[in-house]
Each structure stands twice: as C-alpha cells, then as structure tokens.
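Since every read-out is calculated from the coordinates, none of them should be taken as a lab result. Small disclaimer: the values here were computed from a predicted structure and weren't measured. In this analysis, Cβ positions are derived from the backbone assuming ideal geometry, glycine residues included, and neighbour counts consider all displayed protein chains.
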C-alpha cells in the first residue's frame, strides 16, 4: 500500500478525490491550502507518506527544496498542451464569445502557441502571462497576487473579457470581484496518470530503501585499538546492548574493537540522521573515553554493501582522534562526515500537527517526534508495546500507558494479536497514524 499525500487547493482536492478508486493500491491523504504559498509549510508538517502529489507546478516547485531535503519523492499534475486544449475546447463550446478577449497565465507559453498553431486559432487579442521564468527548478519568485493584478487590470481596462488562470487562488479572487474566469480544467486522465506516476515513484523509493546496507563500527581507546580480552568482552556487551535497542537489524562482533550491523538503506539512514547516532557517540566518549569511527555502505548485495562500508570506514579513520561517520552509496558516492551534520533531538517545534498531537495526548514534543520517527521506521507495519518500549528505552508498562493515550485520541489502533510463544498471553499489535 503506497501512502500518497496530495497537496492541493480545497476545491481541486474534491476533483482529485473522484479518481481515488482508479488507484486501489494506494492510501491517499489530503492537505489543502487557500494560497499555494502555504504549500511549503504544509509539506514540512507531512508525516508518514511515501510520495507527495502536488496539484500543479507552483506548489511543487515552492516545496522542492523541502521534499529534496527530506528525501521524499514528489510529482505534480501537469499544466501542459493536453490540459490547455481541454480548457480551450470547454470555452469554445460553453462561452458565447468563444475564445475572444482572453487573458491567460500559464507555466510555459510555448504550450499555448503549440496548441493555437495546431488548432489554427486566432490569438491576436489574447494577453498571456508566462510564469516559466518565475517558476524554475532552483527558485520560485512568482507572486499569486501579481498574477491576480495582471488579470484584474486587463479586465478593468476593457482589454479582456475573460480570464483563464493556472492558480485556483487567483480564480477564486477574480470571481469574488465579479470578473468572469476559470481555472485551467484538468482532465481526469491527467489526474489518473499522475496518481499512477506517484505510485511508481513511491514503489521505487521503498525499493531503494530496502537495498542492503552495512555499517562497520570501529572503536579505539586512548589512541590504541582495544587489545585485552576483558576490554573486548565488556565493550562488546555494552555496544551490542545499545545498538540492539536502537536498530532493528542484526549486529555482530566482527573483530577486536569492531562491530558490524546489517540492515536496509531505510533503517540505516534513519539511524545515521537521527539523534540516536549522536547519543551513541556521546555515551561512549564520555563514559568510556572511546573514539568511534563508523563506515556505512549501500549496495544491491550484502557483499557489495560491506565493501562500500569498508571504504567509508577508511575515510572515517582519517580523523584518528575524533568521532567520524562516513557513508558510501551504491553509486560509490562518499558522504560525510555525517556526525557533524546531525542535530540534537527536537524538544520544541513549530509544526502545527506535532503540536496538535502533543496537546491532545498530553505528551511532550520530544516524545511525539520520537513516536513519529518510530512510525516512519516501521513503514506502516504493526508493532507491539515490547518493540515500542525497546525503541524508546522505557519499561513495557510505560509503553502500554503511552499507547493507551494515543489510542484514546485516535492516533493509533489495535490491528491484531501475536503469540510468539505457545504459553502466555497474546500481545496486541498496533498501527500508528500521527498525521
């Protein structure tokens, strides 16, 4: 089940909902705005989704830096020759004046000229605003209010009699002013095609997150490798215990002072970019006065991932007296040192959804963000309070009380039971939804 977050104007969201049943392998959640400039703030607050589907190019490019930083695949419903032809045909059939006296704003004026040429249209009295230069891969400088003024001024001066806009916000404001107007009409096929594209992107992202990943942790004490059996045994027990709590992956002792972790890209990235990595480094440097070097590698096979991890560890060890973490992708790209990029865990937030969950459940922001991270790691799979308690490093009873709170407020539900042993009570299996 691919989780799709749709970011759209309220009115267009209702249109998109009509085609949900065409993509039964997905679970769609809607996030709506009045002004497309709100889309960036909306994206920052989206949780638990595999792909974001934007209603058009403007909200897509406004949010692109954020989706890229969060490693979230995204698509948008295009405003191209197909949608433009559909809109012009609608006006031709339903407007007494036909296609005369139009003002049009469009993402790429080339599409308009191509349609006009193919359909042999007279566009001599059309006024066109091309937003191509103001909406690019790198920046968005378009102002919806400036687009509104473009149409308003032309209509008030008598140069146009009808406005066609690519922005629902502009259409709504024009209609409130009594100016005849319509938004670009998107055919159902374009919506269905974008849904299918979103599902493909979501599946690809999940598949990539399931690639093999290996982490090699090397530990030194006071500038020297651990050598005595006592040191090795004590450290091995502490490291394995700590890592077992924080990674849902097999962990082994590789050699004296060295440990190896097997997992997926998804679980490894979540660990590397979370506060748990910093917590690991701080704990063992303060308590044991250790220097830790970590090399992580990705690959299509476990062997390839381990080879890349060894290369990443080589780069990490260049900083012999400092903690250092490097990562090598399956494409042989070295990233690091990651530990210098890791931020401390959130204890406060401006995210309205996180604040809403914290307020309703009476949990701290830090606890809510940890729960969101746990839900992301589980990727919509069920879990027990035992797994939650191990992840949060709290007692089982505390985890049960926590689950009771979030269930009461509708942020989780029981989806089944498991009984790993023939004797004893079955364990409840839950699923969280902290959107």
What's the ranking of 401-408, 39-46 by average number of surrounding C-beta atoms within 10 Å, highest first? 39-46, 401-408
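What does the convex hull of the Cα atoms come to per residue for the range 16-114, in Å³? Walk me through the intermediate numbers first.
Details: hull volume 14.0 nm³, N = 99.
In the range 16-114, the Cα convex hull volume per residue is 142 Å³.
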If we sort 22-35, 171-184 on the protection proxy, mean other Cβ atoms within 10 Å, highest first, what's the order? 171-184, 22-35
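Would you mind classifying the range 81-185 by shape? Square roots of the alpha carbon gyration tensor eigenvalues, ordered a ≥ b ≥ c; an a/c under 1.5 is rounded, otherwise it is prolate if a/b is larger than b/c and oblate if not.
Oblate.
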Between residue 123 and residue 206, what FRET efficiency follows from the Cβ-Cβ distance if R0 is 56 Å, with the result rounded to 0.05? 0.80
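Whole number please: convex hull volume per residue of the Cα set in the range 352-432, in Å³?
92
So, by mean Cβ neighbours within 10 angstrom, what's the order for 65-77, 155-167 with the highest one leading?
By packing density, highest mean first, the sequence is 155-167, 65-77.
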How high is the relative contact order of the range 81-185, given as a whole-number percent (alpha carbon pairs under 8 Å, six or more residues apart)? 30
